[in-house]
Amino acid sequence: GLSKGGFFYHFKTIESLILAVSDALMQDLQHDIVKIAANDPIKKGAHLRAYINLTFDDTADHIALGRSLIEVIFNKAYTKDYIKYFDELMARFYREDLDKITIMSIVLTLDGYWYNSILGIEYYSPKEIKKLHQHLLKQTL
């Protein structure tokens, strides 16, 4: 088990724990995107397709990531770290020679999907979500 003393030795505050969890989840997300993109036979848009697929993957940790990121976003002390990760992710997308507006529309759509999932808002049927998933993937080709 983990003692309270051992816990607070590693994490002096609850904020440092949240930051560590968010940091680990963002690193995992970026690692997964790179790994999936490396196996995509079509290089143009590979990282963005990986991000789309991870967003719609029910087994991925994106909901936990999203909840921790909301905690981070609303705490100004952590915003710069989140922006750093997001900047790195966006740089990957832009290096794939896709239209900037296409990238922007996909990322903003995925952001909205994440927030609805995190908040438990389910306006659309699973069939409609699957169609959206496929539509976004087509935009990366």
Identify all lysines with a Cα-Cα distance to LYS100 below 25 Å; exclude those on the same chain that are fewer than 8 residues away in sequence.
LYS35, LYS43, LYS44, LYS80, LYS84, LYS130, LYS131, LYS138
Of the GluC sites (Glu not before Pro) in the range 79-124, those whose Cβ has at most 11 other Cβ within 10 Å and which sit in DSSP loop:
GLU122
In whole percent, how big is the carbon plus sulfur part of the accessible area of the range 1-53, probe 1.4 Å, protein atoms only?
64 percent
Would you mind getting the accessible area per residue of the range 1-53, heavy atoms of the protein chains only, 1.4 Å probe, in Å²?
61 Å²
Report the trypsin sites (Lys or Arg not before Pro) located in the range 76-114 that are in a DSSP loop and have at most 16 other Cβ atoms inside 10 Å of their Cβ, or state none.
ARG95
Those chymotrypsin sites (Phe, Trp or Tyr not before Pro) from the range 82-141 that are DSSP loop and have at most 14 other Cβ neighbours within 10 Å turn out to be TYR123, TYR124
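The values are calculated or read from the model by the stated rules, or taken from the named source; none is laboratory data. This is a predicted model, so every value here is computed, not measured. So basically every Cβ, Gly included, is an ideal-geometry build from the backbone, and we count neighbours across all protein chains shown. These area figures cover heavy atoms from the full protein model, side chains too; ligands, DNA and RNA do not enter into them. Shrake-Rupley method; radii C 1.70, N 1.55, O 1.52, S 1.80 Å.
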